[in-house]
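Below is one structure, written out as structure tokens; comments come after it.
The values are calculated or read from the model by the stated rules, or taken from the named source; none is laboratory data. Here the structure is a predicted model, which means the values were calculated and not measured. Ideal geometry is used to build each Cβ from the backbone, glycine not excepted, and the neighbour counts take in all protein chains shown.
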Amino acid sequence: MLRIISPIMRLIEIPMVALQRMLGIHRLAWVFLLPNLVLFALFAFLPVILNIAYAMTGGDNVLLSDRPYVGGRNFSTLADCANHFDPNSCRDDKFWRAVWNTLWFVTLQVGFMVGFSLLTALVLNREIKARGFFRSVFFFPVLLSPVVVALIWKWILQREGVLNAFLDWTGLGGFNWLIDAEWAFAWTVFLTVWAHMGFYTLILLAGLQAIPRDVYEAALMDRASPWRTFRRITLPLLSPTMLVVLVLALIRSVQTFDEVFAFTGGGPGTATTFIIQYIYEEGFAGAPRLFGLAAAASLMVAGVLVVLTLVQLWVNRRNVNG
Amino acid sequence: MSRVWEFLTATRGNGRLDWTDWITYGYLALGVFLMFFPVIWLLLSSFKTEADLQRFPPTFLPYQQETLMVDGYEEPLPLFLMTEGEFEGRVLAQVRRVGLQAQMVDPANPEERLRVTIDQREPVEQVSLAWENYAGLFERFNFLQFFWNSTFITVTATLLMLLVNSMAAFALSKYEFRGRTVVLLLVIGTLMIPQTVVLVPLFLIVTELGMFNSLWGVIIPGAATPTGVFLLRQYMITIPDEILDAARMDKASEWKIFWRIIVPLSAPAIAVLAILAIMWRWNDFLWPLIVLTQTENFTLQLALNSFQGELQTDWSSLLAMTVLTLLPIAMVFMFLQKYIATGIASTGGK
């Protein structure tokens, strides 16, 4: 591959040298930055501005020029509820179902995932051999694509699948998991935790291993019990990393779509429909395609994510200004 | 030998097995089972025939009924073990089955037809891999096309990302220029704009650029990632400036410095980013779902998802397709797992 790239790079050198002569070394930096900035401008910043425009227009045309201005109507449609806790009393009940589903999901999923990641990191941090192997074992599902993860578990959870076969054998009896709203929800929490915890385990493990050994030795010399050591030493020293993990997990969890869509399609009914799926269905899968509503909902999710990302940046502030 | 013993008995304390060690290794064993079994089950199931898949409770390994070529018959005949009746204990080949009756022959004596009832026999089975599940993918579905789409997107997007991000990281790490802080802030700002919240306008932009329903509509928007820029920038900062100054004194152009010095020296970070990019692009789902609407442009992920709707009862094909979809990434992982683990741990986040 180098043989193809090398001559191309040499070709690029020609205009680059010319630009260097024109602009001088310092301003050449802009040339290096240009492709990235163009992509960011086009595919990140411009869309944010357009999102606001979409949210304030109606109709199902994708071209902004053909969309009538409706002001805050999309937002008021979404917010229109007699009782915000009861989606059935809302004008856009699907939106509120998605919101509540997402809130429950994020709380449970992040809770379990960070919990198990911490537990696993603590176990892996012990004096065990083949730590690299076990680390890879827990990380392995992170590589699998969301659709593959969904299908793997869908296959296991079939009415005649291996889980039910096992339960039958133990005498507990099988169950039609995916048809029951609450179990379907529980399984989406389970499979997303299964698929992603390895990633956070790695980060927490790195955080644990950064704690110097002599701190533990000092604790041992003071005859501190393991629980005391954990509470008074490990946990405080680990808390910055825990915060990073928590925020990262929250940011990702709010955006959950792929696995769940492939696993249950949002069902049964709307039991596992989360907010990104709502945006997808209103804006792209339904008829008419309600871009305005989708954009309004997107902005609300964006607001949440901005807050979370700011928290993340604040936690990491020392690393950014290298 | 004593090293093996040491390994097996590595414990927390003074050589005795502490209860915490039991819990530790128990937890790890459970973890290995929980993480690996689902995928192994997928793999095994993908080699079972439809008939084998319908069996409940399922067997662990894929089994198929043994068959035998018998004189006087064109097709191989399925073999059964007689469990009752006058032929009990013998292995007979079945010629035909009508309702509750079956016509069998002894392979050693094929002229004589023997009549039995179906409850007197059970199939003789052997472990056998149903490769036809996989072969069928290429014949009945446009599998190669989907594979090509996914591969093209992944490779092109990764190369584009590596080039664009390393250029930007180079500028942000090795140059002093007015506006550098602003640009850095802009890049950080991009962190707050994940694809999921700008789907609608992204769709417009991609359509206006004529990239709708094209693989490029997936490749290009994904190429500029703030994570990539940060990752490479952090690494490039550690490259000593003296190297660049020496090269400049030798009249090397900046591009040459970039291409011949910075990039090779940043190889570890570039490798990590490449692996991440390959993973992200291969596993991409939502954005391709929106952009690629024609079946011939589907990536493997889209095809897999769309077929699970159509092939509700054809799990053998679906499972085979799932295995083939996960195989490339699994292989990348196996060869490069060391870099992934250390890379992610050191950068502390996606």
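Does segment B:163-178 contain at least one residue that is without any contact (Cβ under 8 Å) to a residue 40 or more places away in the chain and charged (D, E, K, R)? It would help to see each step written out before you state the result.
Let us first name the residues in segment B:163-178 that are without any contact (Cβ under 8 Å) to a residue 40 or more places away in the chain, namely B:163, B:171, B:175-178.
So of that shortlist, the ones also charged (D, E, K, R) come out as B:176, B:178.
Yes, some residue in segment B:163-178 is without any contact (Cβ under 8 Å) to a residue 40 or more places away in the chain and charged (D, E, K, R).
Tally the residues that are under 30 Å from B:Arg55 (Cβ atoms) and of a type in the set (A, V, I, L, M), restricting the search to segment A:155-213.
Looking only at that region, the number is 14.
Identify the single condition in (1) touching a Pro at 6+ places or on another chain (Cβ under 6 Å); (2) in a loop (DSSP other than H, G, I, E, B) that B:Ala130 does not satisfy, given that it satisfies every other one.
Evaluating B:Ala130 over (1) touching a Pro at 6+ places or on another chain (Cβ under 6 Å); (2) in a loop (DSSP other than H, G, I, E, B) leaves (1) as the failure.
Might you let me know whether segment B:107-126 holds any residue that is part of a strand (DSSP E or B), aliphatic (A, V, I, L, M) and crowded, with 17+ Cβ neighbours inside 10 Å?
Just the residues of segment B:107-126 that are part of a strand (DSSP E or B), to begin with: B:109-117, B:121-123, B:125-126.
When the remaining residues are screened for being aliphatic (A, V, I, L, M), the result is B:114, B:116.
Right, trim to crowded, with 17+ Cβ neighbours inside 10 Å and you get B:114, B:116.
So far as segment B:107-126 goes, yes, one or more of its residues are part of a strand (DSSP E or B), aliphatic (A, V, I, L, M) and crowded, with 17+ Cβ neighbours inside 10 Å.
Out of segment A:271-296, which residues are assigned to a helix (DSSP H, G or I) and closer than 18 Å to A:Phe261 by Cα? Write out each step before concluding.
Keep residues of segment A:271-296 that are assigned to a helix (DSSP H, G or I), which gives A:275-285, A:291-296.
Of everything in segment A:271-296, those that are assigned to a helix (DSSP H, G or I) and closer than 18 Å to A:Phe261 by Cα turn out to be A:Ile275, A:Ile276, A:Gln277, A:Tyr278, A:Ile279, A:Tyr280, A:Glu281, A:Glu282, A:Gly283, A:Phe284, A:Ala285, A:Ala294.
Being closer than 30 Å to A:Thr273 by Cα and within 14 Å of another protein chain (Cβ to nearest Cβ) narrows it down to one of A:Thr201, A:Thr241, so name that one.
Working: A:Thr241 fails: closer than 30 Å to A:Thr273 by Cα.
After ruling out the rest, the residue left standing is A:Thr201.
Test of understanding: among B:Ala169, B:Ala135, which residue is assigned to a helix (DSSP H, G or I) and over 30 Å from B:Val95 (Cβ atoms)?
Details: B:Ala135 fails: over 30 Å from B:Val95 (Cβ atoms).
Result of the check over B:Ala169, B:Ala135: B:Ala169.
Counting only residues that are touching a helix residue (DSSP H, G or I) at 6+ places or on another chain (Cβ under 6 Å) and within 27 Å of A:Leu290 (Cβ to Cβ), how many does segment A:31-52 have? Even if it seems obvious, please write down each step before you answer.
We begin by selecting, within segment A:31-52, every residue touching a helix residue (DSSP H, G or I) at 6+ places or on another chain (Cβ under 6 Å); these are A:31-33, A:35-36, A:40, A:44, A:47, A:50-51.
Now restrict to residues that are within 27 Å of A:Leu290 (Cβ to Cβ): A:44, A:47, A:50-51.
Residues flagged as touching a helix residue (DSSP H, G or I) at 6+ places or on another chain (Cβ under 6 Å) and within 27 Å of A:Leu290 (Cβ to Cβ) within segment A:31-52 amount to 4.
For residues in segment B:21-46 being of a type in the set (Val, Ile, Thr) and exposed (fewer than 14 other Cβ atoms within 10 Å of the Cβ), which is modelled with the highest pLDDT? Working first, answer last.
Taking segment B:21-46 first, the residues of a type in the set (Val, Ile, Thr) are B:23-24, B:32, B:39-40.
Going one step further and asking which of them are exposed (fewer than 14 other Cβ atoms within 10 Å of the Cβ), we end up with B:23, B:40.
Numbers: B:Ile23: 85, B:Ile40: 93.
Filtering first and then ranking leaves B:Ile40.
Within segment A:34-64, how many residues are under 17 Å from B:Gly228 (Cα atoms) and over 26 Å from the mean Cα position of the chain (by Cα)?
Filtering segment A:34-64 for residues under 17 Å from B:Gly228 (Cα atoms) gives A:34-41, A:43-44.
From what is left, the residues that are over 26 Å from the mean Cα position of the chain (by Cα) are A:34-35.
Total meeting the criteria: 2.
Considering A:Asp92, A:Asp80, which residue is in the same structural domain as A:Ala285 (by TED's automatic domain parsing), charged (D, E, K, R), buried (at least 18 other Cβ atoms within 10 Å of the Cβ) and under 29 Å from the mean Cα position of the chain (by Cα)?
On the way: A:Asp80 fails: buried (at least 18 other Cβ atoms within 10 Å of the Cβ).
Just one listed residue meets the conditions, A:Asp92.
For residues that are surrounded by 14 or more Cβ atoms within 10 Å (Cβ to Cβ) and not in a loop (DSSP other than H, G, I, E, B), scanning just segment B:47-60, find the one that is nearest to the other protein chains (Cβ to nearest Cβ).
Among those that are surrounded by 14 or more Cβ atoms within 10 Å (Cβ to Cβ) and not in a loop (DSSP other than H, G, I, E, B), it is B:Leu53.
Considering each of A:Leu243, A:Leu235, A:Leu313 in turn, give the residue that is touching a residue at least 12 places away in the same chain (Cβ under 8 Å) and assigned to a helix (DSSP H, G or I).
Going through A:Leu243, A:Leu235, A:Leu313 in turn, the sole match is A:Leu243.
Taking the options A:Gly198, A:Gly115, A:Gly173, name whichever one is assigned by TED's automatic domain parsing to the domain that holds A:Val247 and either modelled with pLDDT under 90 or more than 21 Å from B:Thr24 (Cβ to Cβ) (or both). Walk me through how you get there before you give the answer.
Working: A:Gly198 fails: either modelled with pLDDT under 90 or more than 21 Å from B:Thr24 (Cβ to Cβ) (or both); A:Gly115 fails: either modelled with pLDDT under 90 or more than 21 Å from B:Thr24 (Cβ to Cβ) (or both).
A:Gly173 is the lone residue from the list that is assigned by TED's automatic domain parsing to the domain that holds A:Val247 and either modelled with pLDDT under 90 or more than 21 Å from B:Thr24 (Cβ to Cβ) (or both).
So for segment A:132-149 (the condition being more than 8 Å from chain B (Cβ to nearest Cβ), in contact (Cβ under 8 Å) with a residue 40 or more places away in the chain, crowded, with 22+ Cβ neighbours inside 10 Å and hydrophobic (A, V, I, L, M, F, W, C)), does at least one residue qualify?
Let us first name the residues in segment A:132-149 that are more than 8 Å from chain B (Cβ to nearest Cβ), namely A:133, A:142, A:149.
Checking which are in contact (Cβ under 8 Å) with a residue 40 or more places away in the chain leaves us with A:142, A:149.
Within this subset, residues satisfying the condition of being crowded, with 22+ Cβ neighbours inside 10 Å are A:149.
Now restrict to residues that are hydrophobic (A, V, I, L, M, F, W, C): A:149.
Looking through segment A:132-149, at least one residue is more than 8 Å from chain B (Cβ to nearest Cβ), in contact (Cβ under 8 Å) with a residue 40 or more places away in the chain, crowded, with 22+ Cβ neighbours inside 10 Å and hydrophobic (A, V, I, L, M, F, W, C).
Quick check on my filter: what residues within segment A:55-91 are closer than 13 Å to A:Glu282 by Cα and at pLDDT 85 or above?
Passing the criteria: A:Ala55, A:Asn74, A:Leu78.
Is at least one residue of segment B:247-255 buried (at least 22 other Cβ atoms within 10 Å of the Cβ) and either assigned to a helix (DSSP H, G or I) or more than 21 Å from the chain's Cα centre (by Cα) (or both)?
The initial filter retains those residues of segment B:247-255 that are buried (at least 22 other Cβ atoms within 10 Å of the Cβ), namely B:254-255.
Narrowing the set further to residues that are either assigned to a helix (DSSP H, G or I) or more than 21 Å from the chain's Cα centre (by Cα) (or both) leaves B:254-255.
Within segment B:247-255, one or more residues are buried (at least 22 other Cβ atoms within 10 Å of the Cβ) and either assigned to a helix (DSSP H, G or I) or more than 21 Å from the chain's Cα centre (by Cα) (or both).
Taking segment A:19-75 as the region of interest, how many residues are of a type in the set (Gly, Ala, Ser) and closer than 15 Å to B:Thr190 by Cα?
Summing the residues that are of a type in the set (Gly, Ala, Ser) and closer than 15 Å to B:Thr190 by Cα in segment A:19-75 gives 2.
Just to verify a result, which residue in segment A:280-294, among those that are closer than 17 Å to A:Val99 by Cα and touching an Asp or Glu at 6+ places or on another chain (Cβ under 8 Å), is nearest to the other protein chains (Cβ to nearest Cβ)? Explain how you work it out, then say what you get.
Restricting attention to segment A:280-294, the residues satisfying the condition of being closer than 17 Å to A:Val99 by Cα are A:280-283, A:293-294.
Now restrict to residues that are touching an Asp or Glu at 6+ places or on another chain (Cβ under 8 Å): A:293-294.
On the way: A:Leu293: 10, A:Ala294: 5 Å.
Selected residue: A:Ala294.
At pLDDT 95 or above and within 17 Å of B:Met35 (Cβ to Cβ): does that describe A:Thr120?
Numbers: at pLDDT 95 or above: no; within 17 Å of B:Met35 (Cβ to Cβ): yes.
So A:Thr120 fails the test.
Quick one: which residue in A:Ser65, A:Ser76 is within 14 Å of B:Leu204 (Cα to Cα), of a type in the set (S, T, N, Q) and without any contact (Cβ under 8 Å) to a residue 24 or more places away in the chain? First the steps, then the outcome.
Details: A:Ser76 fails: within 14 Å of B:Leu204 (Cα to Cα).
Only one candidate qualifies: A:Ser65.
Filter segment B:83-128 down to the residues that are β-branched (Val, Ile, Thr) and in contact with a Leu (Cβ under 9 Å, 6 or more places away or on another chain), then identify the one that is farthest from B:Tyr73 (Cα to Cα). Spell out the reasoning first.
Here is the first cut: in segment B:83-128, the ones β-branched (Val, Ile, Thr) are B:83, B:91, B:95, B:98, B:105, B:116-118, B:124, B:127.
Within this subset, residues satisfying the condition of being in contact with a Leu (Cβ under 9 Å, 6 or more places away or on another chain) are B:91, B:95, B:105, B:116-118, B:124, B:127.
Details: B:Val91: 17, B:Val95: 9, B:Val105: 11, B:Val116: 19, B:Thr117: 22, B:Ile118: 21, B:Val124: 19, B:Val127: 25 Å.
The extreme case among them is B:Val127.
Could you tell me which numbered condition B:Trp148 fails, if it satisfies all but one of (1) of a type in the set (A, V, I, L, M, F, W, C); (2) surrounded by fewer than 16 Cβ atoms within 10 Å (Cβ to Cβ); (3) at pLDDT below 90?
With (1) of a type in the set (A, V, I, L, M, F, W, C); (2) surrounded by fewer than 16 Cβ atoms within 10 Å (Cβ to Cβ); (3) at pLDDT below 90 applied to B:Trp148, the lone miss is (3).
Determine whether segment A:255-266 contains at least one residue that is surrounded by fewer than 18 Cβ atoms within 10 Å (Cβ to Cβ) and farther than 20 Å from A:Val304 by Cα. Give the steps one after another, and end with the answer.
Here is the first cut: in segment A:255-266, the ones surrounded by fewer than 18 Cβ atoms within 10 Å (Cβ to Cβ) are A:265.
Checking the rest, the ones that are also farther than 20 Å from A:Val304 by Cα come to A:265.
So far as segment A:255-266 goes, yes, one or more of its residues are surrounded by fewer than 18 Cβ atoms within 10 Å (Cβ to Cβ) and farther than 20 Å from A:Val304 by Cα.
Select from segment A:54-68 the residues that are part of a helix (DSSP H, G or I) and within 8 Å of chain B (Cβ to nearest Cβ) and write down the one among them that is surrounded by the fewest Cβ atoms within 10 Å (Cβ to Cβ). Give the steps one after another, and end with the answer.
From segment A:54-68, those part of a helix (DSSP H, G or I) are A:54-55, A:64-66; that's our starting set.
Narrowing further to those that are within 8 Å of chain B (Cβ to nearest Cβ): A:54, A:64.
Working: A:Tyr54: 28, A:Leu64: 14.
For segment A:54-68, the residue satisfying everything is A:Leu64.
Please identify the pairs in which a residue from segment B:197-219 that is outside the structural domain of B:Asn297 (by TED's automatic domain parsing) has its Cβ atom under 9 Å from the Cβ atom of a residue that is in a loop (DSSP other than H, G, I, E, B) and of a type in the set (Gly, Ala, Ser), counting only partners at least 6 apart or on another chain.
none
Yes/no per residue for (1) aromatic (Phe, Trp, Tyr); (2) surrounded by fewer than 19 Cβ atoms within 10 Å (Cβ to Cβ):
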| residue | (1), (2) |
| --- | --- |
| A:Gly286 | no, yes |
| A:Phe291 | yes, no |
| A:Ala296 | no, no |
| A:Leu305 | no, no |
| A:Leu310 | no, yes |
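I'd like to check something: does segment B:219-231 contain any residue that is touching a Leu at 6+ places or on another chain (Cβ under 7 Å), under 30 Å from B:Ser317 (Cβ atoms), modelled with pLDDT of 90 or more and not acidic (Asp, Glu)?
Among the residues of segment B:219-231, at least one is touching a Leu at 6+ places or on another chain (Cβ under 7 Å), under 30 Å from B:Ser317 (Cβ atoms), modelled with pLDDT of 90 or more and not acidic (Asp, Glu), which makes the answer yes.
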